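These notes are about the structure you will find just below.
Read-outs throughout are calculated quantities, based only on the coordinates presented, and are distinct from any laboratory measurement. Treat the numbers as computed from the prediction; the structure is a model and nothing was measured. So basically every Cβ, Gly included, is an ideal-geometry build from the backbone, and we count neighbours across all protein chains shown.
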Ligand SMILES: [Fe+2]
Ligand SMILES: [Fe+2]
């Protein structure tokens, strides 16, 4: 037998609470994702000359709807309550999707890239966490993650990084900051330097 100390394991209750939390958060995330694409399609889905992006958005929304349906079933099977914030996720997702689509196709793709990057990283963490505890669920999450990665890659191919950057004033390019702030970044004391 090995003399290695056995790391403490959380009790059953803690484990099932963690699993419930994972499912609840993932369900909410997929609900948000469906509504982001729905919001984008509300703006770009019917517009003439937008057939290409309309088709892409419909396909991605279809994947998100499948992910959401799976989490719906998992919540029921494992008797986990969905988030009470579901109406907020629906509304916020739709507003984000429609809002970015109104800025144009590339802005819509930039939104997709940003959102899918967060979601795939989130899944990657959960897959690592569940690999031993719940390999079946980890395998399902892995499939979803691959689809999120494909969505992100498509958005990048379609010009997500060419979208005009919208940044809050004073953030981003340091050369656009007022001189006082540039000095602070460089560690120059404006009073001593006489500026
Ligand atoms: Fe998804
Ligand atoms: Fe996705």
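Full extension of the chain between residue 161 and residue 72 gives 28.7 nm of extra length, using 0.36 nm per residue less the Cα-Cα distance. Neighbour counts of other Cβ atoms within 10 Å put 157, 121, 61 in the fewest-to-most order 157, 121, 61. Per the Debye formula on identical point scatterers at the alpha carbon atoms of the range 15-162, with no solvent, log10 I(q)/I(0) at q = 0.16, 0.21 Å⁻¹ is -0.82, -1.27. Across the range 144-166, the residues whose backbone nitrogen lies under 15 Å from the label position 7 Å along the beta-carbon direction of residue 121 are 149, 152. Cβ crowding within 10 Å ranks 37, 123 as 123, 37, fewest other Cβ atoms first.
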